[in-house]
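Scroll down for the structure; my scribbles are underneath it.
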Amino acid sequence: MALILIVATIAVVITNSIGPFPTPKELASEKSLMVAVVFPGIADDVKQYSCDGYEIVEEVIPSGVDPHEAQLSPEKIRVIKDADIVIIGGHTPADIKSRNIARGIIINITGIKGLTLKTIPIYNVTNVHFPIYDPQNYLLFMENLIKYKINVQNSKCIDNTQCNYCINLYKSYIDTLHERINELMAYKSCAAGIQSVVDLPPAQYAIEWLGLRVKIILSPSGEVSSQYIKPSLLRRAEEVLANGGVAVVTIDGDGKPISKVGEWLEENSKRLNASIIYVKSPFIKGTVTSKLTYIVGQIEAANLCTH
């Protein structure tokens, strides 16, 4: 009986000293590349071009959440600190905090060398809101991300099988990306010369590559919760729409405007018989290329393409 008690005591001591067994994710992360995606909505893009079995993609801010209002939980802070690569949008409070606590490589979307940043009309300030909604900016971002993935895999992999598999896979993704972007770029400037009014800044990147010229952004701050529109902007927006301009409304996964500003734009565009192009929010699930394809389909359906 005494022997049994001693054995049991030793077992308890050993168990307490080693702590709980690691989860499969923790075991995998020892040899896997870990990418933390702080900006909501692009985790699907990162996952689509990941290396299965040797890469973990963590969505820090859930899809559908306005990044301007997001807060980082203690659990997500740990994810950011543990990640090999951290992807941030560049200007929100969560982005800034992530940049300060990250230990791995930081990819700031707005700071990528060669990226084309647009200017918000009237206010004449740089539009830092989701520039990768432009297909060429998106390609540049993904090429940079894959380059960093290859570098990290070279330093982390424990055998040639992992190295060769992942690196060859990443390189093949570059060709796939170029093919998809080339398909989209067949529509570049096809709607040239058409003026537009958009609700939120990301929509400028989503449609100007098609040739549409954004005259007004009703909510230049980009905050979805904002409900105020300057009366002078409303009058100018109505003039643009009444004279053949196109409304560009940002929607959620259910096809509804994500902001009060978007609701106003949709309602008044219908009143003025103006064409409406719907842009899926960059915050919701779905890859950027699929969202761009959705826009192109509407441009064609509305006969806005001139070639």
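The values are calculated or read from the model by the stated rules, or taken from the named source; none is laboratory data. If you're wondering where the values come from, they're calculated on a predicted model, not measured in any experiment. Ideal geometry is used to build each Cβ from the backbone, glycine not excepted, and the neighbour counts take in all protein chains shown.
Which residue out of Tyr165, Tyr173 is within 23 Å of Ile109 (Cα to Cα) and either among the β-branched types (Val, Ile, Thr) or in a helix (DSSP H, G or I) (or both)? First the steps, then the outcome.
On the way: Tyr165 fails: within 23 Å of Ile109 (Cα to Cα).
Criteria check complete, one pass: Tyr173.
Here is a check on your reading of the model: is Leu145 in contact with a Phe, Trp or Tyr (Cβ under 8 Å, 6 or more places away or on another chain) and either assigned by TED's automatic domain parsing to the domain that holds Trp209 or surrounded by 20 or more Cβ atoms within 10 Å (Cβ to Cβ) (or both)? Can you show your working first?
Numbers: in contact with a Phe, Trp or Tyr (Cβ under 8 Å, 6 or more places away or on another chain): yes; either assigned by TED's automatic domain parsing to the domain that holds Trp209 or surrounded by 20 or more Cβ atoms within 10 Å (Cβ to Cβ) (or both): yes.
It is true that Leu145 is in contact with a Phe, Trp or Tyr (Cβ under 8 Å, 6 or more places away or on another chain) and either assigned by TED's automatic domain parsing to the domain that holds Trp209 or surrounded by 20 or more Cβ atoms within 10 Å (Cβ to Cβ) (or both).
Taking the conditions exactly as written (more than 29 Å from Pro40 (Cβ to Cβ) and β-branched (Val, Ile, Thr)), does Val240 satisfy them or not?
Considered against the rule, which asks whether it is more than 29 Å from Pro40 (Cβ to Cβ) and β-branched (Val, Ile, Thr), Val240 comes out as yes.
If Leu200 meets every condition in (1) part of a loop (DSSP other than H, G, I, E, B); (2) without any contact (Cβ under 8 Å) to a residue 40 or more places away in the chain apart from one, which number is that one?
With respect to (1) part of a loop (DSSP other than H, G, I, E, B); (2) without any contact (Cβ under 8 Å) to a residue 40 or more places away in the chain, Leu200 is out only on (2).
Tally time: how many residues in region 153-177 are over 21 Å from the mean Cα position of the chain (by Cα) and touching a residue at least 60 places away in the same chain (Cβ under 8 Å)?
Here the count works out to 8.
Among the residues of region 239-250, is any touching a Ser or Thr at 6+ places or on another chain (Cβ under 8 Å) and among the polar types (S, T, N, Q)? I'd like the intermediate steps shown before the answer.
Quick first cut of region 239-250, residues touching a Ser or Thr at 6+ places or on another chain (Cβ under 8 Å) only: 240-241, 245-250.
Those left that are additionally among the polar types (S, T, N, Q): 250.
Within region 239-250, one or more residues are touching a Ser or Thr at 6+ places or on another chain (Cβ under 8 Å) and among the polar types (S, T, N, Q).
Specify the residue that is nearest to Val249 (Cα to Cα); the eligible residues are those in region 203-234 that are part of a helix (DSSP H, G or I) and of a type in the set (A, V, I, L, M, F, W, C). First the steps, then the outcome.
From region 203-234, those part of a helix (DSSP H, G or I) are 203-208, 231-234; that's our starting set.
If we keep only those that are of a type in the set (A, V, I, L, M, F, W, C) as well, we get 203, 206-207, 233-234.
Working: Ala203: 8, Ala206: 11, Ile207: 11, Leu233: 16, Leu234: 15 Å.
Checking each candidate, the answer is Ala203.
With respect to the numbered conditions (1) at pLDDT below 95; (2) within 21 Å of the chain's Cα centre (by Cα); (3) within 19 Å of Thr119 (Cα to Cα), which one is the sole condition not fulfilled by Leu233?
Only one criterion is unmet by Leu233, namely (2).
Just for region 42-70: of the residues that are over 29 Å from Lys260 (Cα atoms) and not in a loop (DSSP other than H, G, I, E, B), which one is farthest from the chain's Cα centre (by Cα)?
Quick first cut of region 42-70, residues over 29 Å from Lys260 (Cα atoms) only: 46-58.
When the remaining residues are screened for being not in a loop (DSSP other than H, G, I, E, B), the result is 46-48, 55-58.
Working: Val46: 9, Lys47: 12, Gln48: 13, Glu55: 19, Ile56: 17, Val57: 13, Glu58: 13 Å.
Per the criteria, the residue is Glu55.
Tally up the residues in region 275-295 that are free of Cβ contacts under 8 Å to residues at least 40 places away in the same chain, of a type outside the set (Val, Ile, Thr) and over 14 Å from Gly253 (Cα atoms), please.
Here is the first cut: in region 275-295, the ones free of Cβ contacts under 8 Å to residues at least 40 places away in the same chain are 275-276, 278, 280, 290, 294.
Narrowing further to those that are of a type outside the set (Val, Ile, Thr): 275, 278, 280, 290, 294.
Those still in the list that are over 14 Å from Gly253 (Cα atoms) too: 275.
Of the residues in that region, 1 qualify.
Take the residues in region 249-295 that are among the aromatic types (Phe, Trp, Tyr) and either over 17 Å from Asp45 (Cα atoms) or assigned to a strand (DSSP E or B) (or both); name whichever of them is nearest to the chain's Cα centre (by Cα). Full working, then the answer.
Going residue by residue through region 249-295, those that are among the aromatic types (Phe, Trp, Tyr) are 264, 278, 283, 294.
Now restrict to residues that are either over 17 Å from Asp45 (Cα atoms) or assigned to a strand (DSSP E or B) (or both): 264, 278.
Values: Trp264: 25, Tyr278: 18 Å.
Looking at the filtered set, the residue picked out is Tyr278.
Could you check region 88-108 and list, in sequence order, the residues that are of a type in the set (A, V, I, L, M, F, W, C) and at pLDDT 95 or above? Break it down into steps so the answer makes sense when it comes.
We begin by selecting, within region 88-108, every residue of a type in the set (A, V, I, L, M, F, W, C); these are 88, 94, 96, 101-102, 105-107.
Correct list: Ile88, Ile101, Ala102, Ile105, Ile106, Ile107.
Is at least one residue of region 230-247 among the hydroxyl-bearing types (Ser, Thr, Tyr) and within 16 Å of Tyr123 (Cβ to Cβ)? Break it down stepwise before answering.
Kept after step one, since they are among the hydroxyl-bearing types (Ser, Thr, Tyr), are these residues of region 230-247: 232.
The next check asks that each one be within 16 Å of Tyr123 (Cβ to Cβ); those that pass are 232.
Yes: one or more hits.
Name every residue in region 252-289 that is farther than 24 Å from Gln48 by Cα, of a type in the set (Val, Ile, Thr) and crowded, with 18+ Cβ neighbours inside 10 Å, in order of residue number.
Of everything in region 252-289, those that are farther than 24 Å from Gln48 by Cα, of a type in the set (Val, Ile, Thr) and crowded, with 18+ Cβ neighbours inside 10 Å turn out to be Ile258, Val261, Ile277.
Given the condition surrounded by fewer than 17 Cβ atoms within 10 Å (Cβ to Cβ), at pLDDT 95 or above, touching a Leu at 6+ places or on another chain (Cβ under 6 Å) and small (Gly, Ala, Ser), answer yes or no: does some residue in region 159-177 qualify?
For region 159-177, residues surrounded by fewer than 17 Cβ atoms within 10 Å (Cβ to Cβ), at pLDDT 95 or above, touching a Leu at 6+ places or on another chain (Cβ under 6 Å) and small (Gly, Ala, Ser): absent.
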